[in-house]
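The structure under discussion appears below in the form of structure tokens.
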């Protein structure tokens, strides 16, 4: 996460998943010694950054 966002307030939102997918996600997070919230945040940050990068490239 960029430094300027570390002090930004956090919010919550709900995600609806099949139970089996949630379970697998939870298991893999545990194997990586992280929690589901942190992993979801990391994945979302990566996805958003790819969109920003693609948009910048397209505008060049």
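Read the figures in this text as sums done on the coordinates, not as results from a lab. In this text, all values refer to a predicted model and were calculated from it rather than measured experimentally. Cβ coordinates were reconstructed from backbone atoms using ideal geometry, including for glycine residues, and neighbour counts include every protein chain displayed.
Values as computed for the structure displayed
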| read-out | value |
| --- | --- |
| Which of 55, 7 has the fewest Cβ neighbours within 10 Å, and the rest in rising order | 7, 55 |
| Estimated [θ] at 222 nm from DSSP helical runs (n ≥ 4, -39500 (n - 2.57)) normalised by residues in the chain, nearest 500 | -21000 deg cm²/dmol |
| Column: log10 I(q)/I(0), Debye, Cα scatterers of the chain, q = 0.12, 0.26 Å⁻¹ | -0.43, -1.13 |
| Burial order of peptide ranges 21-29, 46-54 (average beta-carbon count within 10 Å, highest first) | 21-29, 46-54 |
